[in-house]
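This report concerns only the one structure given below.
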Amino acid sequence: MDQTQPQRRPQKSEVREYRPVRNRRKGFRLPIGFVVVLAVVAVALQWTGTVDLGIPLGAPPASGSHAARSSNPVSVSDAQADLRDVISSAASVVRSAQFGPRGPAGEAGPDYEHAGEAAPPQAGDAAAPGSSGAPADPSSTAGSATGSGPRVTIPDGAAARGAAPLAIAPGSQPVALPPSGDGYRSEVERAWFSGGQDLTHRALQARTRALQLGAANYESASRALLAPAAEGIALERAMLAARLSPDLPMARMELAGAYLHDGQYLNALREVGAGVAAIPRNLEASLWLAASLLAMFAAVLTLGSMVFIAWVGLSVFRHAAHDVGDLVSRDMPEFARAALLGSLLLVPLLLGEAAMGLVLALFLLGFTYCEAGYRRALALAAMLLVLGIYPVTRLSGMALTALDSDPVAAAADSVVRSMASSADIDILRTASAREDWLAEAALALHERRSGDAELALARYEQLLDRTPTDPVVLTVLSNMAFERGDNARSIQLGERAAALVRSATLLFNLSQVYARSFQMDEFEGAMAQAQLVDPEVVAELSKTKAPDFVADLAFPTAPIRDRMLQGAGGDRFVDPVSRAIMPGHIGRDWVTTAGAFALTAVLGVGIGGGLGRASSCRRCGRRICGRCDGTVWNSQICDGCHHLFHRPETTDPAMRMARLSELRARESRVSRLATLASVLVPGAAGLLARRPDLGFLGLFLFFWAVLLILWRKGVVVDPLAIGAVGPLLFTTAAALSILGYGLVVGLGLMIRRSL
Ligand SMILES: [Zn+2]
Ligand SMILES: [Zn+2]
């Protein structure tokens, strides 16, 4: 290109930057700015406590975890072990929360694979007085383990453990159960276990009862139906499971899988969509997803930013090494200069600052040598790094520990899921004595679901006094009035509730009451409105065909989730993470980390301004240094290249041609290497194209893809809630990230070619 236009006039910027430098020959003077900067470093080191210069800048902390840490340094592997402990404890928390009582046997929660066998989750009840003779564990898949054909029989195992009411001989009619003290944790559970031998009949009976009692999801039965050991046609079981727990993503995905197996692709696709849409409505699934995504996000921010800073720092290593060498002696060979700078970079590591110390040193190099665009990118990287290590890790820890953070919320959740143990009820009773609203509401629900009408009525009336505008309470009271035949009261309460929420269930209830009190216009109006709000709900509620069927509103998830998140603390997750990458002073807290980066940035700008920075020629790659070279055309192009390209009349034509072809060969060699690096090294494509933003984006997408694939099953074990939706979401996201990464690499290559 330059060959065809040898007379090209110097570009404007090159003319402007023409400043021959001749005055540094007599020796290198330490710039004043550099001295100032050294003083700042000294103060900073004193402030962070690395070096004791005797400057009274406030006493270092005498006690606390950090002081303990610095007097007895924790190695990186210790911190990693801590992290593993925390994560595995979180996993067991999630598991035990899933498998019921937080009693002594809570840790012994079975794996999904074993859910088909007689399972232990009811340890709390078994240990409680008065529960002898209870069915061992109605929430397990007891029913499905034995028997033949699609019919499911109640196993002998349950009977052997004293479950007399469940000992139904095959073919016989369900035995009427005693009204109370029979060990069922709710009326829903009773319906599920006394529904006879036909699985479909049992499930439908349980579903009807569950709807009646506001149990929108009966997850225990769904999991039992989905257990690998369960008998019957897979598609049928999956359909029943999804019917019993429409908001359980795992059930939706199992159904999708069964449809797929059956060749019903559209239905499968619809169920996948339903599974994804169900996540926010399911407490366990949403917390699992939030914890996993936040943990990955924290890791991406941390790793991406650290690697970006390292790449930028390393890209100017050669120039920095030359300048550091000039400080010692101008005659120093290149390899000695590199060794000198390399050992200087390792100093923070020796001071116990670990990986972050090295990153901070490279940050200093980057900030010293790069122009404004790169400095902005470096500052952004530092900010995202602090964000990833502190608040995002903390949030992910909160989501991980939320399920077990508040005993009252956890007990309330068990009640909502119809699997409360007597230990849960004790917790709720204790809390309700303190006038805890959530405990009261959960207890009321428990009493309602246990069939204890009088107790439930009294408690719901109390709740109504406290919260007269709670539609759930109003609906339950309206339904209770309906059940005892008090139509007028039922209509009054129902209409009050209908003024507060637009719910198809509530309108359906009202239509039932209107019908029974022969208010046919109102009946039709309410039914039409219910159809408008949600025809599917109306269709399901109408299926019972019972004239006296009304359904409670489901207990809202929000108060339980809020309570859990309020009680959850993520700080114990931050500590091992920050200790793993910065066990020294930088990792004391987020202010110190952010402060260290801010000071380093100021230091970098100071050194960069005061120091004659070495650079390299864009044409031939020769090092340019104002001190060593005497005459410097500008920092972009060496003197020789300037004459070669811009003032060809001053060069010998033959030599000029030889030199140009040499440079062309070099350029194509460099270009091949750069292309290779762009493809192989994450982030290199953007940086080599002199686009720090693209480099950053490339690194982020790369780490996203890697982590999504590595952690596609989540950072903790799925609490049997999200099922295959999680891995599906993560794999899809990983595929999109890889696609995005490919685009960034391609864009980087294109931009580099046009440079
Ligand atoms: Zn050159
Ligand atoms: Zn030099």
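Which condition number in (1) in a helix (DSSP H, G or I); (2) touching a residue at least 24 places away in the same chain (Cβ under 8 Å) is the one that Pro246 fails?
Status for Pro246: all satisfied but (1).
Would you say Arg209 is outside the structural domain of Gly726 (by TED's automatic domain parsing), closer than 29 Å to Phe482 by Cα and in a helix (DSSP H, G or I)? Give the derivation first.
Values: outside the structural domain of Gly726 (by TED's automatic domain parsing): yes; closer than 29 Å to Phe482 by Cα: yes; in a helix (DSSP H, G or I): yes.
Yes.
Thr600 versus (1) closer than 21 Å to Ala372 by Cβ; (2) in contact with a His (Cβ under 8 Å, 6 or more places away or on another chain): which is the lone unmet condition?
(2)
Given the options Asn487, Asn479, name the one that is in contact with a Lys or Arg (Cβ under 7 Å, 6 or more places away or on another chain) and not assigned by TED's automatic domain parsing to the domain that holds Ala215.
Asn487
Out of the residues in region 416-444 meeting the condition of being surrounded by 24 or more Cβ atoms within 10 Å (Cβ to Cβ) and among the hydroxyl-bearing types (Ser, Thr, Tyr), tell me which one is farthest from the chain's Cα centre (by Cα).
If we take residues in region 416-444 being surrounded by 24 or more Cβ atoms within 10 Å (Cβ to Cβ) and among the hydroxyl-bearing types (Ser, Thr, Tyr), then Ser421 is farthest from the chain's Cα centre (by Cα).
Hey, could you check region 312-350 for residues that are in contact (Cβ under 8 Å) with a residue 40 or more places away in the chain and more than 41 Å from the chain's Cα centre (by Cα) and say which is farthest from ligand 1 (Cβ to nearest atom)?
Among residues in region 312-350 that are in contact (Cβ under 8 Å) with a residue 40 or more places away in the chain and more than 41 Å from the chain's Cα centre (by Cα), the one farthest from ligand 1 (Cβ to nearest atom) is Leu327.
Restricting attention to region 608-632, and to residues there that are of a type in the set (Lys, Arg) and farther than 24 Å from Ala658 by Cα, which single residue is nearest to ligand 2 (Cβ to nearest atom)?
Here is the first cut: in region 608-632, the ones of a type in the set (Lys, Arg) are 613, 618-619, 622-623, 627.
From what is left, the residues that are farther than 24 Å from Ala658 by Cα are 613, 627.
On the way: Arg613: 10, Arg627: 4 Å.
In this case the residue turns out to be Arg627.
Restrict the check to region 635-642 and report whether at least one residue is surrounded by 14 or more Cβ atoms within 10 Å (Cβ to Cβ), within 55 Å of the chain's Cα centre (by Cα) and either modelled with pLDDT of 90 or more or small (Gly, Ala, Ser) (or both).
yes
In region 463-507, what residues are farther than 18 Å from Phe555 by Cβ, exposed (fewer than 15 other Cβ atoms within 10 Å of the Cβ) and among the charged types (D, E, K, R)?
Of everything in region 463-507, those that are farther than 18 Å from Phe555 by Cβ, exposed (fewer than 15 other Cβ atoms within 10 Å of the Cβ) and among the charged types (D, E, K, R) turn out to be Asp465, Glu483, Arg484, Arg502.
Which is under 17 Å from Phe297 (Cβ atoms), free of Cβ contacts under 8 Å to residues at least 12 places away in the same chain, among the hydrophobic types (A, V, I, L, M, F, W, C) and outside the structural domain of Ser245 (by TED's automatic domain parsing), of Leu680, Leu708, Leu701, Leu736? It would help to see each step written out before you state the result.
Values: Leu680 fails: under 17 Å from Phe297 (Cβ atoms); Leu708 fails: free of Cβ contacts under 8 Å to residues at least 12 places away in the same chain; Leu701 fails: free of Cβ contacts under 8 Å to residues at least 12 places away in the same chain.
Residue meeting the stated conditions: Leu736.
If we keep just the residues of region 637-693 that are in a helix (DSSP H, G or I), of a type in the set (Ser, Thr, Tyr) and within 16 Å of ligand 1 (Cβ to nearest atom), which is nearest to Leu314 (Cα to Cα)?
Ser661
Report, by residue number, each residue of region 249-266 that is among the small types (Gly, Ala, Ser) and either part of a helix (DSSP H, G or I) or surrounded by 21 or more Cβ atoms within 10 Å (Cβ to Cβ) (or both).
First, pick out the residues of region 249-266 that are among the small types (Gly, Ala, Ser): 251, 256-258, 263.
Once the filter is applied, which keeps residues that are among the small types (Gly, Ala, Ser) and either part of a helix (DSSP H, G or I) or surrounded by 21 or more Cβ atoms within 10 Å (Cβ to Cβ) (or both), region 249-266 yields Ala251, Ala256, Gly257, Ala258.
Consider region 600-627. How many of its residues are assigned to a helix (DSSP H, G or I) and within 16 Å of ligand 1 (Cβ to nearest atom)?
So the answer is 1.
Identify all residues within region 315-331 that are crowded, with 19+ Cβ neighbours inside 10 Å and either over 11 Å from Leu341 (Cα atoms) or of a type in the set (Gly, Ala, Ser) (or both); write none if there are none.
Of everything in region 315-331, those that are crowded, with 19+ Cβ neighbours inside 10 Å and either over 11 Å from Leu341 (Cα atoms) or of a type in the set (Gly, Ala, Ser) (or both) turn out to be Ser315, Val316, Ala320, Ala321, Gly325, Asp326.
Mind checking which residues of region 568-583 are in contact with a Lys or Arg (Cβ under 9 Å, 6 or more places away or on another chain) and closer than 17 Å to Ala290 by Cα?
Answer for region 568-583, where residues must be in contact with a Lys or Arg (Cβ under 9 Å, 6 or more places away or on another chain) and closer than 17 Å to Ala290 by Cα: Gly569, Gly570, Asp571, Phe573, Val574.
For region 661-681, does any single residue satisfy the condition of being of a type outside the set (Ser, Thr, Tyr), surrounded by fewer than 21 Cβ atoms within 10 Å (Cβ to Cβ) and within 16 Å of ligand 2 (Cβ to nearest atom)?
no
Name the residues in region 633-650 that are within 16 Å of ligand 2 (Cβ to nearest atom) and in contact (Cβ under 8 Å) with a residue 24 or more places away in the chain, would you?
Trp633, Asn634, Ser635 - these are the residues of region 633-650 that are within 16 Å of ligand 2 (Cβ to nearest atom) and in contact (Cβ under 8 Å) with a residue 24 or more places away in the chain.
Would you mind finding the one in Arg448, Arg429 that is under 30 Å from Gln492 (Cβ atoms) and basic (Lys, Arg)?
Just a single option satisfies the conditions, and that option is Arg448.
Can you tell me how many residues within region 590-610 are under 23 Å from Gly357 (Cα atoms) and touching a Pro at 6+ places or on another chain (Cβ under 9 Å)?
Matching residues across region 590-610 total 2.
If you scan region 704-728, which residues turn out to be in contact with a Leu (Cβ under 7 Å, 6 or more places away or on another chain) and of a type in the set (Val, Ile, Thr)?
Across region 704-728, the qualifying residues are Val716, Ile722.
Is there a residue being in a helix (DSSP H, G or I), closer than 30 Å to Gly587 by Cα and not hydrophobic (A, V, I, L, M, F, W, C) anywhere in region 553-570? If you could, list the steps in order and put the result at the bottom.
Within region 553-570, the subset in a helix (DSSP H, G or I) is 558-567.
Now narrow it down to the ones that are closer than 30 Å to Gly587 by Cα: 564-567.
Filter once more, so that each one left must be not hydrophobic (A, V, I, L, M, F, W, C): 566-567.
Yes: region 553-570 contains one or more residues that are in a helix (DSSP H, G or I), closer than 30 Å to Gly587 by Cα and not hydrophobic (A, V, I, L, M, F, W, C).
The values are calculated or read from the model by the stated rules, or taken from the named source; none is laboratory data. It should be emphasised that the depicted structure is a prediction, and the values quoted were computed from it without experimental measurement. Ideal geometry is used to build each Cβ from the backbone, glycine not excepted, and the neighbour counts take in all protein chains shown.
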